[in-house]
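*Asks:* After the structure tokens below, expect a handful of questions from me.
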Amino acid sequence: SCDASQLCNCSSMGLDFIPMGLTAKIRVLNLSHNRIKRIQSQDLQQAVNLRALLLQSNQISSIDEDSFQSLAKLELLDLSNNSLAHLSPVWFGQLFSLQHLRLQGNSYRELGQSSPFSSLRNLSSLHLGNPQFSVIRQGNFEGIDLLQQLWIDGSNLSQYEQGSLKSIKKIDHMILNITSINIFSEIVRDLLHSVTWLEVRRMAFSIVAEVHLLRVMSSSFAKKISFRQTLLTDATVPEIASILEDMPKLVELELVDCRLLGTGQWKMQFQAKQSQTLRVLTIEKLSIEKFYLFTDLQSVEGLLSLFTRITVQNTKVFLVPCRISQHLRSLEYLDLSANLLGDLSLKHSACQGGWPSLQTLNLSQNSLSDLEITSKSLSHLGNLIVLDISQNNFGEIPGACEWPKNLKYLNLSSTQIPELTNCIPRTLEVLDVSANNLKEFGLQLPFLKELYLTRNQLKTLPGAAPIPNVVALSVRRNKLNSFSKEEFESFKRMELLDASDNNFICSCEFLSFIHHEAGIARVLVGWPDKYVCDSPLAVRGAQVGAVHLSLMECHRSLVVSLICVLVFLVLLLLVAVGYKYHVVWYLRMTWAWLQAKRKPKRAPPKDVCYDAFVSYSENDSEWVENTMVQELEQACPPFRLCLHKRDFVPGKWIVDNIIDSIEKSRKTLFVLSEHFVRSEWCKYELDFSHFRLFDENND
């Protein structure tokens, strides 16, 4: 299970114990997702050079005290999702190099009376906690001075001794998954000056009186606050905002996958003074049940003027009030992707005086459909440089548009554009029109440096003259089949050409020309993605001149097409022959005979329900049905006859009907005539009767 780098993957092998024979060569040992219940002293004794030991998702409930004694070089230990009922400091006593320790998802209720981590001087990340974890005591974290990440899962944490986390001098990222606001506030009190990024998970801020307990956060030196999967209400939002306003060093606020009960009717006004440090706001997947009733947010206008970056993704935003846009005077970056903005609502959102400092705008995955209205709505944004309006549904675009004067980057990928026009601004340096329906590209873009045309319908390369300054060109996954020398005469600045996943008729000579004549430093021309040509030009590591490609490699499309045509013609010929000589019918008849052969010799008496099966030609039907059948079925005693018109099962194959009817009849009655002799079906009914006579000895 070990590869060349001595990574041994024994995951999900159903192991009940750590395998024997581990040597000093092993660097990484993955034993996750097995059934290991115990780690014994000798199990890891020889793995002295182990750097990572993954034991998560087993059933470990017992670890000998000296099990990890020989692992002085171990840097990562994962014991998460096991059955450890307690943690012993002796386990970690010799792990001087350990940097990452994961202990979450076990069954311990506390960390003990002292610190299990006192010898882990190099520890940088620690993840602990479980649904049973209920107590944190003073001294539990002694010996830890600095942590990049501390993650505590304490959904049922009920006791926290003040000062327990104060021994840690600095925590870059603190994640708290705690439901009790009282416990949360006590922990925060110990972390006021040590945490840089505080992340709060799965906490409900629904009662104003409880939120008052968070006032201690206003003295925190944290630079970033994140709320994940938390509950907010109209009553508690102003209180939390007031607390965040007072934090002296807060720069970034993040809400991810949260839920807001309300419509923005925030009764309590925010303080007149605003945070002088808060610059970044990120909101992703905020659930507002009655989002269509949400207010215009006039009460927060005063907080917005200093924001420089705002992201509101996947939150059903259909309008940004004009007054809000006008108050975002310092905003440089705005991401409103995956929302519900339409052409008219964008016009109102980007009103005159709104977003005056904006440089980057992302409106991808919205409901925009008119490129002329979109461009005009944004034309007054004089500082806008980057615009992403991909994954909208523009379709055909007009011949001319009005754009921001300094726009340099435009993303129009996946917008259903069939043809490019002069609507595209000439100021662009980067243009992405990937995943559209383009069949050609001939725009005059003198300043363009990067052009992305991936996943279109191009059959030829764009002309070099209209885009003389292009440095990087991507035409992956189009329908190109060759390049010509003329197409490259003006590509003097080209550094990267990606033309892989096309339909090239391969020629090492033309690849050599691209590299040597056009001076392109890196060319990717795969069949598909098969060859990467670098300086000196090589194909699979061999010099171009030494490569002799097979007919299949050089003319793959032609060969495949010929094979398909030949296969089609052969199939067509077989179908024609089969139709002419009734091959399908004979095959079905053979199958019917085989089925009849396997049937019991005699039908049980209870299955015989007719006195006779009548076999006759359709041309004799008038005499059979009106004379013979009438006489026999009205005789005394009457005979019960089986007629195909009346008694065959609808939808069942006719041969099966014939066989079943003969077997369910005591006799078979043939109405002989010239029509009978000429009828194929009558002939087969006679054959089946003969089969019954000779094969079953049943007359």
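The values are calculated or read from the model by the stated rules, or taken from the named source; none is laboratory data. Treat the numbers as computed from the prediction; the structure is a model and nothing was measured. So basically every Cβ, Gly included, is an ideal-geometry build from the backbone, and we count neighbours across all protein chains shown. These area figures cover heavy atoms from the full protein model, side chains too; ligands, DNA and RNA do not enter into them. Shrake-Rupley method; radii C 1.70, N 1.55, O 1.52, S 1.80 Å.
*Asks:* On C-alpha positions alone, give me the angle between the axis of helix 181-190 and the longest principal axis of the chain, in degrees, nearest 10.
*Replies:* Compared with the principal axis, the helix lies near 50 degrees.
*Asks:* How far apart, in nanometres, would the label points at Leu574 and Gln59 be if each is projected 7 angstrom from Cα along the Cα-to-Cβ direction?
*Replies:* Roughly 5.4 nm, to one decimal.
*Asks:* Enter the angle in degrees (range 0 to 90, nearest 10) between the Cα long axis of helix 583-598 and the first principal axis of the Cα atoms of the chain, meaning the one along which they spread out most.
*Replies:* Once rounded, one gets 80 degrees.
*Asks:* When you count, for each residue, the other Cβ atoms within 10 Å and take the mean per peptide, how do 143-155, 636-648 rank with the highest first?
*Replies:* By packing density, highest mean first, the sequence is 143-155, 636-648.
*Asks:* Here is a further query. Calculated FRET efficiency, Ser369 and Leu496, Cβ-Cβ r, R0 22 Å, to nearest 0.05?
*Replies:* That gives a FRET efficiency of 0.05.
*Asks:* Which of the aspartates and glutamates could a cross-linker span from Lys347 if the Cα-Cα distance has to be under 12 Å and same-chain partners fewer than 8 positions apart are dropped?
*Replies:* Excluding near neighbours in sequence, the set is Asp370, Glu372.
*Asks:* Further question on the same structure: In nm, what is the difference between 0.36 nm times the number of residues separating Asn182 and Trp585 and their Cα-Cα distance?
*Replies:* Gain on extension, Asn182 to Trp585, equals 136.8 nm.
*Asks:* To continue, here is another question. With each pseudo-label sitting 7 Å past Cα toward Cβ, what's the Ser5-Asp172 distance in nm, one decimal?
*Replies:* 2.1
*Asks:* Also: Could you pull the Rg and Dmax for the range 1-168, using just the Cα atoms, both in Å?
*Replies:* When restricted to the Cα atoms of the range 1-168, Rg and Dmax are 15.7, 50 Å.
*Asks:* Shifting gears a bit: How much length is gained on full extension from Phe639 to Ser287, taking 0.36 nm per residue of separation minus their Cα-Cα distance?
*Replies:* Gain in length upon complete extension: 118.8 nm.
*Asks:* Could you work out what % of the accessible surface of the chain is carbon and sulfur, using a 1.4 angstrom probe and leaving DNA, RNA and ligands out of the count?
*Replies:* Looking at the chain in its full context, I get 53 percent from C and S.
*Asks:* Would you mind getting me the FRET efficiency between Asn469 and Thr295? Use the beta-carbon distance for r and R0 = 35 Å, nearest 0.05.
*Replies:* That gives a FRET efficiency of 0.10.
*Asks:* Further, regarding this structure: Ranked from highest to lowest mean number of other Cβ atoms within 10 Å per residue, what is the order of the peptides 655-666, 574-585, 58-69?
*Replies:* So the order, starting with the most tightly packed, is 655-666, 58-69, 574-585.
*Asks:* For a label point 7 Å from the Cα of Ser218 along Cα→C-beta, name the residues of the range 238-255 whose backbone N is under 15 Å from it.
*Replies:* From the range 238-255, the list is 238-250.
*Asks:* On to the next question. For the chain, what is the mean residue ellipticity at 222 nm derived from helices alone (per DSSP H run of n ≥ 4: -39500 (n - 2.57); sum divided by total residues; nearest 500 deg cm²/dmol)?
*Replies:* -5500 deg cm²/dmol
*Asks:* Determine the percent antiparallel among the DSSP beta bridges restricted to the range 1-152, to the nearest 5.
*Replies:* 5
*Asks:* Of all alpha-carbon pairs in the range 83-134, indicate the percentage at a distance above 12 angstrom.
*Replies:* Of the Cα pairs, 63 percent sit more than 12 Å apart.
*Asks:* List the residues, sorted by chain then number, that are 5 or more residues from Val614 or on another chain and whose placed amide H is less than 5 Å from its amide H.
*Replies:* Cys642, Leu669
*Asks:* Could you derive backbone 3J(HN,Hα) for the range 617-627 from the dihedral phi with the Karplus parameters 6.51, -1.76 and 1.60 (θ = phi - 60°), listing whole Hz in sequence and x where the residue is Gly or Pro?
*Replies:* For the range 617-627, the Karplus curve yields 7, 4, 5, 9, 5, 4, 5, 4, 6, 8, 10 Hz.
*Asks:* If packing is taken as the average number of other Cβ atoms within 10 Å across a peptide's residues, how do 609-617, 254-262, 673-681 rank, most packed first?
*Replies:* Most protected by this proxy first, the peptides run 609-617, 254-262, 673-681.
*Asks:* Under a 5 Å amide H to amide H cut-off, with H placed in plane at 1.01 Å, what residues pair with Ser287 once short-range neighbours are removed?
*Replies:* Cys258, Arg259, Leu260
*Asks:* Could you check the simple spin-label distance between Phe670 and Gln132, using points 7 Å along Cα→Cβ, in nm with one decimal?
*Replies:* Calculated label separation equals 8.7 nm.
*Asks:* Still on this structure: Do any of Lys290/Lys316; Lys166/Lys223; Lys376/Lys459; Lys37/Lys73; Lys223/Lys408; Lys25/Lys73 go past 22 Å between their Cα atoms, and which?
*Replies:* Those over the limit are Lys376/Lys459; Lys37/Lys73; Lys223/Lys408.
*Asks:* Only bridges whose two residues both fall in the chain count here: according to DSSP, what percent of them are antiparallel, nearest 5?
*Replies:* 5
*Asks:* How large is the direction-averaged shadow of the alpha-carbon convex hull of the range 200-273, in nm²?
*Replies:* So the Cα hull casts an average projection of 4.8 nm².
*Asks:* Relative contact order, percent, of the range 185-337 when contacts are C-alpha pairs under 8 Å separated by at least 6 residues?
*Replies:* 18
*Asks:* Give the separation of the Cα centroids, the range 294-354 to the range 125-197, in Å.
*Replies:* 37
*Asks:* Need one number: the % of Cα-Cα pairs in the chain sitting beyond the 37 Å mark.
*Replies:* Considering the chain, 67 percent of its Cα-Cα pairs are separated by more than 37 Å.
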